[in-house]
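Quick notes on the structure that follows.
The values are calculated or read from the model by the stated rules, or taken from the named source; none is laboratory data. In this text the structure is predicted, and so the values were computed from the model without any measurement. Glycine gets a Cβ as well: all are built from the backbone with ideal geometry, and neighbour counts include every protein chain shown.
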Amino acid sequence: MRQYIASSMPDKNGQLTVSGKDFKYLCQVLRLKLGDIVQVRFPNQELSNMEVFKLQAKQLILVKTLSESVDKFLETGVSASSLENIKLPEIWLFQFLPKLQKMDLIIRQSTECGVSKIIPVLGEFSGKDFNLKNEDFEKVNRWERIVKEARQQSGSAISTSVEKPLVIEDALKLWNENLQNGIGFVLHEADVSTKNIFSILKENHNKINRIGIVVGSEGGISEKEVELLVENHFNLVHFKTNVLRAETASLYGIATIQSAFMEMDEWLTLE
């Protein structure tokens, strides 16, 4: 764990009390001891070093510390604080709902990659595990727990959120309401009427604040849904690879587009 995601701010004395499932995880799984130091991410996204000040039967108390003693840190190697300066536009993943076990993996991997918002989309070819008319909030709660675990392990400074599942029309409405120099990509299985990622990024150089990535479920995305996405200015892109599973395609797409953007200044200079 590179950081602990706290659900509340420290009290007026600078102390943070941890109990319940978080206490069990920190003490029984990670075996946190008195004097150990862990980096804590607060709800306002501030990151702070905190030391185990008190350790009791069902709770522990953390207190802010200036100590940077490496041997006391819970996690060695790359720390969460060293990842603070990674600057990217917001990435929104529109994931057409696959089977729920696969969706769990997609959410975990997307969070590790620093995706800002994950929007599950109930499409024509989506699985039937989620009934939009009878929302299963337990599944949504589980996704929130997965996000927390993934952020703690990866050290991500991005406050990833998972929306409740939406039909494509409502998902696009959410995107358009928050466009702000956004650019959208649809990962398309066929190399028909598709565009080059690099040329799209070049056309929009220096004015991209948000990137939307649309990935289909196991059955893909219907022609009607693709047409609707294109009408809303999403660009069709095709990766010349083998056929990818839904959970592989989302990770591959995020990594490819993210890397292309991060290295854009360098490859523009080389042209």
Item to complete: Filter the range 8-23 down to residues that are part of a loop (DSSP other than H, G, I, E, B) and touching a Lys or Arg at 6+ places or on another chain (Cβ under 9 Å) and give me whichever is modelled with the highest pLDDT.
Response: PRO10
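So that you can scan it fast, the table gives a plain yes or no per residue for (1) over 25 Å from GLU112 (Cα atoms); (2) surrounded by 12 or more Cβ atoms within 10 Å (Cβ to Cβ); (3) outside the structural domain of ALA157 (by TED's automatic domain parsing):
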| position | (1), (2), (3) |
| --- | --- |
| PRO10 | yes, yes, yes |
| LEU16 | yes, yes, yes |
| GLN39 | no, yes, yes |
| LYS58 | yes, no, yes |
Fill in: Sole residue being part of a helix (DSSP H, G or I) and surrounded by 12 or more Cβ atoms within 10 Å (Cβ to Cβ), chosen from LEU32, LEU26
LEU26
Item to complete: Consider GLN95 carefully, then state whether it is buried (at least 19 other Cβ atoms within 10 Å of the Cβ), modelled with pLDDT of 70 or more, closer than 22 Å to SER8 by Cα and in contact with a strand residue (DSSP E or B) (Cβ under 6 Å, 6 or more places away or on another chain).
Response: no
Item to complete: Determine, yes or no, whether THR256 is among the polar types (S, T, N, Q), assigned by TED's automatic domain parsing to the domain that holds GLY182 and touching a residue at least 24 places away in the same chain (Cβ under 8 Å).
Response: yes
Worksheet entry | Residue list for the range 18-38, restricted to those being closer than 20 Å to ARG145 by Cβ and either touching a helix residue (DSSP H, G or I) at 6+ places or on another chain (Cβ under 6 Å) or touching a residue at least 40 places away in the same chain (Cβ under 8 Å) (or both) | VAL18, SER19, LEU30, LEU32
Item to complete: Taking PHE185 as the residue in question, decide whether it is at negative phi, touching a residue at least 60 places away in the same chain (Cβ under 8 Å), part of a strand (DSSP E or B) and aromatic (Phe, Trp, Tyr).
Response: yes
Worksheet item: So which residues in the range 97-117 are in contact with a Ser or Thr (Cβ under 8 Å, 6 or more places away or on another chain) and farther than 13 Å from VAL147 by Cβ?
Response: LEU97, PRO98
Response to the item:
Residue set SER110, SER81, SER67; condition small (Gly, Ala, Ser), assigned to a helix (DSSP H, G or I) and modelled with pLDDT under 90; output residue SER81
Response to the item:
Restricting the range 158-182 to residues that are charged (D, E, K, R) and touching a residue at least 24 places away in the same chain (Cβ under 8 Å), the one surrounded by the most Cβ atoms within 10 Å (Cβ to Cβ) turns out to be GLU163
Worksheet item: How many of the residues in the range 151-182 are under 12 Å from the mean Cα position of the chain (by Cα), more than 20 Å from LEU97 (Cα to Cα) and of a type in the set (Gly, Ala, Ser)?
Response: 5
Discussion item. Could you list, ordered by first residue, the pairs with Cβ atoms under 7 Å in which the first is in the range 226-248 and under 20 Å from GLY182 (Cβ atoms) and the second is of a type in the set (S, T, N, Q), at least 6 apart or interchain?
Written reply: ASN232/ASN176; LEU236/SER193; LEU236/THR194; VAL237/THR194
Worksheet item: If we scan the range 199-211, do we find a residue that is closer than 23 Å to LEU105 by Cβ, within 21 Å of the chain's Cα centre (by Cα) and either assigned by TED's automatic domain parsing to the domain that holds ILE107 or assigned to a helix (DSSP H, G or I) (or both)?
Response: yes
